[in-house]
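To start, the structure under review is shown below, and the notes come after it.
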Amino acid sequence: MLDINHLSDFVAPVNKYIINEDQGYEKNQLGYVLNETSLDEADVVLVGCDEYRGGAQGIKPAADTIRKKLYHLYYWHKEVRIADMGNVKTGASLTDSYVAMQVVCKELTNAGKKVIIIGGSHDNTLAQYGAFSDRKKIIEASVIDALIDLKPDSIVPNEKFLLEMLTAAPNYVKHYNHLAFQSYFVNPDLLETIDKLRFDCFRVGKVKENIESMEPVIRNSNLLSFDINTLSNACSPANSLSPNGLNGEEACKLMQYAGMSASIETVGIYEYDPAKDYNELTAMQIAQMIWYIIDGVHRGKKEA
């Protein structure tokens with residue numbers, strides 16, 4: 001049983017009437033299902049994050065914008081029970097926010113839930129990892145990102161958080177995979193360092209060329225973190241990093257693999273900026289990625 005009263009200290013519930021602008025949901029839409037399922041009976045739990053101080057400044061809260069799109073999608077997977085816990089409260093400091101997310105992820109994963117985190121800057125991956133390190137669990141971690149956030153001289157946490165995650169002592173990452181990096185954005189010396197650590201990196205071209213080969217990589221992971229800048233600008237108008245990258249279908253396929261994996265406990269989708277999002281198409285893209293995680297959980301249950 002989850003100690004919901006304990007977790008409520010860290011989470012603000014979703015106001016579904018604001019999200020749906022006082023309009024109802026049809027019985028088979030996710031907005032209806034998400035708010036009818038209790039945390040105790042859920043297989044998958046959605047958690048919002050609006051902590052952006054570790055990255056770009058001035059980003060508006062994003063989680064509820066994604067929910068507006070997600071809630072209107074249709075629910076095809078009756079065997080998968082999904083609940084929306086709400087948004088983790090932003091702490092007085094960045095560290096406070098990490099701790100709050102870490103506590104929520106730890107409690108939910110200990111209860112056997114697959115956690116999907118939406119919103120926030122990419123450095124919140126540290127809170128995902130903290131849920132494992134706190135219980136001294138050795139893990140395999142995978143990050144999908146056009147960049148490799150290992151800049152030791154940066155003062156911006158979301159540009160260097162991997163340094164802490166991969167080198168902190170004691171360390172609980174037995175293996176690290178980096179998917180869909182774009183070579184022209186990455187210092188080759190950095191790749192040499194990662195190679196010496198015997199970690200695996202896959203260029204975006206390699207991922208696109210044979211996306212099925214990424215299934216075992218993701219399947220064996222415990223933590224998956226997705227930076228929305230991995231997507232090309234055409235598929236994600238809120239992403240201004242590059243005209244190139246994964247397309248929407250490829251992102252959904254990778255998320256489906258994450259859902260199918262019995263090992264993955266937390267999936268984070270970060271760096272969405274609604275202020276840059278033309279017609280909220282990136283929010284819809286993320287909503288469909290979440291739909292495919294649920295689809296993957298459904299497929300995994302059938303295979304089991």
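The values are calculated or read from the model by the stated rules, or taken from the named source; none is laboratory data. Because the structure is predicted, anything quoted here is derived from the model rather than measured. Because the Cβ atoms are built from the backbone with ideal geometry, glycine has one as well, and the counts that use them run over all protein chains shown. Ligands, DNA and RNA are stripped out before the accessible areas are found, and what is left, the full protein with its side chains, is counted by its heavy atoms. Shrake-Rupley method; radii C 1.70, N 1.55, O 1.52, S 1.80 Å.
Summary of values
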read-out	value
Virtual spin-label span in nm between Tyr278 and Leu166, 7 Å along Cα→Cβ	3.4 nm
Probe 1.4 Å, protein heavy atoms only - accessible area per residue of the range 141-272 in square angstrom	42 Å²
Projected area averaged over orientations for the chain, convex hull of C-alpha atoms, nm²	14.8 nm²
The range 160-212: trypsin sites (Lys or Arg not before Pro) falling in loop per DSSP and having at most 16 other Cβ within 10 Å	Arg198
Column: log10 I(q)/I(0), Debye, Cα scatterers of the range 31-147, q = 0.22, 0.24 Å⁻¹	-1.33, -1.43
Cα-Cα over 30 Å, subset of Lys68/Lys137; Lys27/Lys114; Lys89/Lys196; Lys174/Lys206	Lys68/Lys137; Lys89/Lys196
Modelled FRET efficiency - R0 22 Å, Ser38 with Arg299, Cβ distances, 0.05 increments	0.35
Kirkwood Rh and Cα Rg combined as Rg/Rh, the range 223-304	1.01
Highest average packing first - 16-26, 262-272, Cβ atoms within 10 Å	262-272, 16-26
Computed FRET value (nearest 0.05) for Phe185 with Gln23, which takes r as the C-beta separation and R₀ as 45 Å	0.60
Between the range 139-160 and the range 196-217, the alpha-carbon center distance in angstrom	17 Å
In sequence order, calculated HN-Hα J values of the range 267-275 (Karplus, 6.51, -1.76, 1.60; Hz; x Gly/Pro)	10, x, 10, 10, 6, 7, 10, x, 5
Interchain or long-range residues, amide H under 5 Å from Leu179's placed H	Val143, Ile144, Asp145, Phe202
Scattering profile of the range 114-272 at q = 0.11, 0.19 Å⁻¹ [log10 I(q)/I(0), Debye over alpha-carbon scatterers]	-0.38, -1.29
Computed lengthening from Ala262 to Asn244, 0.36 nm per intervening residue step minus Cα-Cα distance	3.4 nm
